[in-house]
Amino acid sequence: MTDAWADVAEVPGARRTLERQGRVLREEILGVAAHLAPGQRLPVPMSREPEEDLWHEPLWYARRATLRLTTDFGSAEVVQHIAHRLAAQGWHTSLDASSTAVATASATRDGFFLWLMAFPGLSRADLGGSTPPVLLYADPAGTAIGPPPPPAPPKRFVPPEPVVTEATRKPGHVLCLDCDGIGWCPECLTRGYLLDDSGEKRRCFVCFGSKICQICGGFGQKRLADMPSWMRRQYPPPTPPSGTQRR
Ligand SMILES: [Zn+2]
Ligand SMILES: [Zn+2]
């Protein structure tokens, strides 16, 4: 099995391109973050290794970054302003500021992708993006090929186990209403993409490919005391975790 992969090599310069574009992506993300957290100098967590790009077959690779901000500047107006600014800089943008709970925007330009979700009621904003995907591994003929070991044949999709259940949730916490404790994006369930009518992969419109539940941040549960009252009202009154007996 390994012999077939002996000749597989990185495409010369591809990794350098990814590094360079990763730096461009970081600056773009910081440019957006400057509107949401003025004056803060922020580290931008970047994927250490190039990540598989699900929109290419065979696999191409991209760098990806995600940033979570604590901010009171995440209003729908600010998100709208950011989208307009990006559009003026040549980005193709889409904006949804119709909900009071979350305002979202995404933008593409020259293969770069940026996304933004601001939660005004939570004083929080998440943003991130990815570099243009590139061919990173190829055989000597230049045929695109994944890295060794070869990818297994497509498996049947298995939905994830919940990260927390009624029985394991912490005291004073409730299961996330959005994902019901799964922790992963309830729409795409760990995939980051959805299949459209023709079976094509489309970036998940709920998590923008981050794969994580945007309401609980992947924890699957939320502490009641941390919630604003409008959010707490959406949850049923807490009961003691099952398995514990009240005496
Ligand atoms: Zn999703
Ligand atoms: Zn959740």
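The values are calculated or read from the model by the stated rules, or taken from the named source; none is laboratory data. Note that the structure is predicted; figures quoted are calculated from it, not measured. Cβ sites come from the backbone with ideal geometry, for glycine too, and all protein chains shown count toward neighbours. Just the protein is used for accessible areas: all its heavy atoms, side chains included, with ligands, DNA and RNA removed. Shrake-Rupley method; radii C 1.70, N 1.55, O 1.52, S 1.80 Å.
The residues of the stretch 195-220 that are closer than 19 Å to residue 96 by Cα and either open to solvent by 70 Å² or more (accessible area, probe 1.4 Å) or within 11 Å of ligand 1 (Cβ to nearest atom) (or both), listed by number, are 202, 203, 204, 205, 206, 207, 208, 209, 210, 213, 214. The residue list 70, 108, 104 contains one member that is outside the structural domain of residue 191 (by TED's automatic domain parsing), of a type in the set (Val, Ile, Thr) and without any contact (Cβ under 8 Å) to a residue 24 or more places away in the chain, which is 108. Among the residues of the stretch 225-235, those identified as touching a residue at least 24 places away in the same chain (Cβ under 8 Å), exposed (fewer than 14 other Cβ atoms within 10 Å of the Cβ) and of a type outside the set (Gly, Ala, Ser) are 228, 230, 234.
The lone criterion from (1) at pLDDT 80 or above; (2) assigned to a helix (DSSP H, G or I) left unmet by residue 4 is number (1).
Condition check ((1) surrounded by 18 or more Cβ atoms within 10 Å (Cβ to Cβ); (2) under 18 Å from the mean Cα position of the chain (by Cα)) across all residues:
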{"site": "29", "(1), (2)": "yes, yes"}
{"site": "34", "(1), (2)": "no, no"}
{"site": "38", "(1), (2)": "no, no"}
{"site": "69", "(1), (2)": "yes, yes"}
{"site": "81", "(1), (2)": "no, no"}
{"site": "87", "(1), (2)": "no, no"}
{"site": "111", "(1), (2)": "no, yes"}
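Checked against (1) at pLDDT below 90; (2) acidic (Asp, Glu); (3) open to solvent by 60 Å² or more (accessible area, probe 1.4 Å), residue 53 passes all but a single condition, namely (3).
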